[in-house]
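Worksheet for the structure shown next.
The values are calculated or read from the model by the stated rules, or taken from the named source; none is laboratory data. This is a predicted model, so every value here is computed, not measured. Positions of Cβ are generated from backbone atoms using ideal geometry, with glycine treated the same way; all protein chains shown enter the neighbour counts.
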There are 2 protein chains.
Amino acid sequence: MAEATTKAPRRSDALSKERIVAAAVEILDAGGEAELTVRGLTAHLATGRGAVYHHVSGKHDLLAAATDRVISEVTSGARSEEEASEAIRALALGIFDAIDAHPWVGTELSRNPMQPAVLRIWTSIGVQLQRLGLEPDALPAAGSALVAYVLGSTAQYVAGPRRATSEVDRQAFLEKVADQWRTHAPQAHVTEAAAALVEHDDREQFLEGVDIVLAGIKHR
Amino acid sequence: MAEATTKAPRRSDALSKERIVAAAVEILDAGGEAELTVRGLTAHLATGRGAVYHHVSGKHDLLAAATDRVISEVTSGARSEEEASEAIRALALGIFDAIDAHPWVGTELSRNPMQPAVLRIWTSIGVQLQRLGLEPDALPAAGSALVAYVLGSTAQYVAGPRRATSEVDRQAFLEKVADQWRTHAPQAHVTEAAAALVEHDDREQFLEGVDIVLAGIKHR
DNA sequence: ACCTGAACACCGTTCAAGT
DNA sequence: ACCTGAACACCGTTCAAGT
């Protein structure tokens, strides 16, 4: 009987928020933010232009959901067995690597700092910081400093969202900074620092910064 | 004779990059990024649609120039008489206040981290850090940490660029963070920290973060 | 309920034509 | 050289009409 009253079977590939978000992530990974258009997305999903609006409220919602999808994989993998500052380093590195793999995430996190993905980051960092044994009234500033550092770094790290030649441009930018440093303070050790600035490894330097902020939280 | 051969006098309000950028800043301050359109801008300047393209290369260039205009006022006001860490605190606060007055600047700095305004910030911070007496090979990580913290904080601080009710939303977001903290670690002192998170003063907390990073740079 | 796709109300940028 | 404004090639979103 159940069989008889069943309506025409649903297409196995029926639209859903999950499928739409997955397609958006694919497009964003392939072509960056400029490539994500409703037209392109609906073509990719082989559906009509307005179909996605039954599942997401608009492009902002879609971008936030795609970002949350990437970030939630990082924060849900957090391990609580290790020491708190080690867990924070691991969490920060996880975010860095996720943004390295999906540069549009870095841009989106900074552009809209009140989205679900940022809430996840705040929560994870807060939980670990709490294990560090800080005074309660020191926790907000410590959390805010770490979140700001992590999101600020990743925004700095991902090149401008619109340029294909991003790696070249980033190098060129750092060389400009180094030039300025040399011009304003031409001592030998500044020249040395300027050279180091251009040649550093981004990932290592990001971790150094996490350690700086952690040291500051402990020793202030 | 000079008089006789003079062409028809130039309109005293002839277009120039400076005038265009000034108009853009006005529009951005009044209505935010969404309000800045080429149509609106050229109407405001009482000129034809394509006229601005003789002076700026496009909308990206215009936005970067407007941002640089705001930031250059901060960095050029830097004083070198004071102690280095005091100068860094003053510089950071100057940037914070500029972004408080022009929220679109915060969004733009993070969106495109390789623009002239960011170069100014790097330069100013580098010059002051150099006076702190760091080892040359510690300078790049210290500079990068400070720049990331400052830009990350201001991006967090300015609400999402598209919402009018930003102050309400920011409060609501912090309450969500506080809720998560309480849920994940319901100890009394976490509850206390969560309350402090919601009630803090943004500007004070920003400065606390600068001190945390400075302490970390010195004590790592 | 869900989907379609034309229509709507916009964009940034270009470029022949004017001065 | 500089400016004009129509034209071009797009956008995100809505909505009557279909199933």
Checklist entry - Is one or more of the residues making up the stretch B:61-74 surrounded by fewer than 21 Cβ atoms within 10 Å (Cβ to Cβ) and within 10 Å of DNA strand C (Cβ to nearest atom)? => result yes
Item to check | Looking only at the stretch A:131-142, and only at residues there that are in a helix (DSSP H, G or I) and in contact (Cβ under 8 Å) with a residue 12 or more places away in the chain, the one that is nearest to the other protein chains (Cβ to nearest Cβ) | outcome: A:Leu139
Checklist entry - When you look at B:Val127, is it out of contact with any Pro (no Cβ under 9 Å at 6 or more places or on another chain), at pLDDT 95 or above and either of a type outside the set (Asp, Glu) or closer than 22 Å to A:Ala215 by Cβ (or both), yes or no? => result no
Checklist entry - Can you tell me which residues in the stretch A:48-69 are near DNA strand D (Cβ under 9 Å from one of its atoms) and basic (Lys, Arg)? => result A:Arg49, A:Lys59
Next on the checklist: Give all pairs with beta carbons closer than 7 Å in which a residue from the stretch A:52-79 that is more than 18 Å from A:Gly32 (Cβ to Cβ) and part of a loop (DSSP other than H, G, I, E, B) meets a residue that is within 16 Å of DNA strand D (Cβ to nearest atom) and at pLDDT 95 or above; count only pairs at least 6 apart in sequence or on separate chains.
Outcome noted: A:His55/A:Lys17; A:His55/A:Ile20; A:Val56/A:Lys17; A:Val56/A:Ile20; A:Val56/A:Leu62; A:Val56/A:Ala65
Checklist entry - Regarding B:Leu45, is this residue more than 10 Å from DNA strand D (Cβ to nearest atom) and in contact with a Lys or Arg (Cβ under 9 Å, 6 or more places away or on another chain)? => result no
Checklist entry - Right, B:Glu26: more than 14 Å from chain A (Cβ to nearest Cβ), within 14 Å of DNA strand C (Cβ to nearest atom) and of a type in the set (Asp, Glu) or not? => result no
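Okay, residues lined up against (1) modelled with pLDDT under 95; (2) within 16 Å of DNA strand C (Cβ to nearest atom); (3) within 14 Å of another protein chain (Cβ to nearest Cβ):
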position	(1), (2), (3)
A:Pro9	yes, yes, no
A:Gly31	yes, no, no
A:Leu36	no, no, no
A:Ala46	no, yes, no
A:Tyr53	no, yes, no
A:Ala78	yes, no, yes
Item to check | So B:Ala188, is it crowded, with 17+ Cβ neighbours inside 10 Å and either facing chain A (nearest Cβ under 9 Å) or touching a residue at least 40 places away in the same chain (Cβ under 8 Å) (or both) | outcome: no
Next on the checklist: I'd like to know if the stretch B:108-124 contains one or more residues that are at the interface with another protein chain (Cβ under 9 Å from one of its Cβ atoms), in a helix (DSSP H, G or I), within 12 Å of the chain's Cα centre (by Cα) and within 16 Å of DNA strand C (Cβ to nearest atom).
Outcome noted: yes
Checklist outcome for this item: The correct count of residues that are under 21 Å from B:Arg111 (Cβ atoms) and of a type in the set (D, E, K, R) in the stretch A:30-73 is 5
Checklist outcome for this item: Taking the stretch A:16-37 and keeping residues in a loop (DSSP other than H, G, I, E, B) and either within 12 Å of DNA strand D (Cβ to nearest atom) or free of Cβ contacts under 8 Å to residues at least 12 places away in the same chain (or both) leaves A:Leu36, A:Thr37
Checklist entry - Does A:Thr123 satisfy the condition of being away from DNA strand D (no atom under 16 Å from the Cβ), touching a residue at least 40 places away in the same chain (Cβ under 8 Å) and in contact with a His (Cβ under 7 Å, 6 or more places away or on another chain)? => result yes
Next on the checklist: For the stretch B:38-51, give me each residue that is surrounded by fewer than 20 Cβ atoms within 10 Å (Cβ to Cβ) and part of a helix (DSSP H, G or I).
Outcome noted: B:Val38, B:Arg39, B:Gly40, B:Thr42, B:Ala43, B:His44, B:Arg49, B:Gly50, B:Ala51
Next on the checklist: For the structure I just gave you, tell me whether A:Thr123 is closer than 22 Å to B:Glu199 by Cα and among the β-branched types (Val, Ile, Thr).
Outcome noted: yes
Next on the checklist: Suppose we keep only residues that are among the aliphatic types (A, V, I, L, M) and over 11 Å from the mean Cα position of the chain (by Cα) within the stretch B:78-92. Which one would you say is surrounded by the most Cβ atoms within 10 Å (Cβ to Cβ)?
Outcome noted: B:Ile88
